[in-house]
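The values are calculated or read from the model by the stated rules, or taken from the named source; none is laboratory data. On a predicted model such as this, the values are computed, not experimentally measured, just so you know. Quick reminder, even Gly has a Cβ in these numbers, built from the backbone with ideal geometry, and neighbours come from all protein chains shown.
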Amino acid sequence: MTLMKISANHYLGGIVSGVIMLFIFQKTDLQLLFELMKQSDRRYLLFAMALFIPTVVLPALRWKFLIQDQRRISLGEATQQILAGATLNLFLPGKLGDVAKGAFVNSFERAIYEKFLDLLSLSMILLGLLILWSDSSPIFNTLFFLMTLVIGIAVAVHLIPFPTLRKRSWSVGRWRWLEKMGTIGAGVAHYAFDLRKNHPLFLGSLLLSTLMLWGIHLLQFCFFFQMFHLSVSWARVFLLMPIAILSGLLPISISGIGTRDAAIFFLFQSEIPPEGALAIGMMGTFRCIVPALLGVPFIASRVGRVGGALRGSSGSSGSSGSSSCS
């Protein structure tokens, strides 16, 4: 992907986020929103703020161990890379900054596998709660099917070696970027299979830590609901918020702004007022902005590597090439 294309995607994502947020604001009473914020319980905000520590340290530990066979870095360096990736999320659609940080260590495959673990963990949490909730509505049945499909694909990737995938040429005429995409995809599949075959305990620890990480993220949202005195059970938050978070990963907005808010607005419309849904959405954005601001001091020395990796991918694929950057 060229830098020009990234810029175009950024502007398009900004427009999508802006249009969706404008629609949501038109559906809410701003006076009631301000009153809701004035009456909020600051204690729960402090609890939620305290959870920023494990939501940064756990991904840093996971990233450090994911790349340890390619490059050994300290926990401090891993934390800086995680925060720098969070800063990039503000400029790349679909939170692709978390993937782009793979350029810091020349390993997009490990960064993509990391997001794959996030998707798998969220799907497992959601599927488990769907089973416990026992709702037979069409929406829940569709979600049950989709989450089962995601988990099934994840199991297949870890069980099947895909030898032909790794050797296959992905060049298709002038669309040579498929070659890069195929190479990265094959690398991710090969790494997943190798983990399951040769390092099952390490794979188990990665999955367990990722499940724990997303449990903390969802707990943070529970505190946000309590902060605004919104009567929604924690089980309901754990059930519905993964859907909103997954909506924020769609590469059509900036850092999930707009798509995540619209999902919250829709999912909780029968339980909380529009002002409450907007307030929760704003706190979701707040969760993205805090680590992004913390990553600003670390991005200057690293953004050149991202741009260089992107230009290198483009150059190696011809003038029409691009490279794949949760």
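Observations on the structure shown:
- GLY187 at pLDDT below 75, under 25 Å from the mean Cα position of the chain (by Cα), under 23 Å from ASP118 (Cβ atoms) and surrounded by 14 or more Cβ atoms within 10 Å (Cβ to Cβ): no
- Taken over the stretch 132-156, the criterion of being loosely packed, with under 11 Cβ neighbours inside 10 Å and outside any helix (DSSP H, G or I) is satisfied by SER134, SER136, SER137.
For (1) crowded, with 18+ Cβ neighbours inside 10 Å; (2) modelled with pLDDT of 95 or more; (3) under 14 Å from the mean Cα position of the chain (by Cα), each residue gets a yes or a no:
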residue	(1), (2), (3)
VAL57	no, yes, no
ALA60	yes, yes, no
LEU66	yes, no, no
ASP69	no, no, no
SER74	no, no, no
GLU77	no, no, no
ALA84	yes, no, no
THR87	yes, no, yes
LEU92	yes, no, yes
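- Of the residues SER205, SER209, SER247, SER231, the single one that is out of contact with any strand residue (DSSP E or B) (no Cβ under 9 Å at 6 or more places or on another chain), hydroxyl-bearing (Ser, Thr, Tyr) and either more than 30 Å from ILE67 (Cα to Cα) or outside any helix (DSSP H, G or I) (or both) is SER231.
- From the options LEU30, LEU51, LEU12, residue that is aliphatic (A, V, I, L, M) and under 20 Å from LEU293 (Cα atoms): LEU51
- Any chance GLY318 is surrounded by fewer than 20 Cβ atoms within 10 Å (Cβ to Cβ), assigned to a helix (DSSP H, G or I) and either at pLDDT below 80 or touching a Phe, Trp or Tyr at 6+ places or on another chain (Cβ under 9 Å) (or both): no
- Residue satisfying condition, being under 13 Å from SER247 (Cβ atoms) and out of contact with any Gly (no Cβ under 8 Å at 6 or more places or on another chain), within set GLY281, GLY258: GLY281
- Selection of first residues in the stretch 45-56 that are within 10 Å of ILE216 (Cβ to Cβ) and of second residues that are of a type in the set (Val, Ile, Thr), restricted to Cβ pairs under 9 Å at least 6 apart or on distinct chains, gives the following pairs, ordered by first then second residue: LEU51/ILE216; PHE52/VAL290; PRO54/ILE216; THR55/ILE216.
- Hey, GLU35 among the acidic types (Asp, Glu), modelled with pLDDT of 90 or more, closer than 30 Å to ASP194 by Cα and surrounded by fewer than 18 Cβ atoms within 10 Å (Cβ to Cβ) or not: no
- Considering the stretch 231-257, and only residues there that are among the small types (Gly, Ala, Ser) and touching a helix residue (DSSP H, G or I) at 6+ places or on another chain (Cβ under 6 Å), the residue that is surrounded by the fewest Cβ atoms within 10 Å (Cβ to Cβ) turns out to be SER247.
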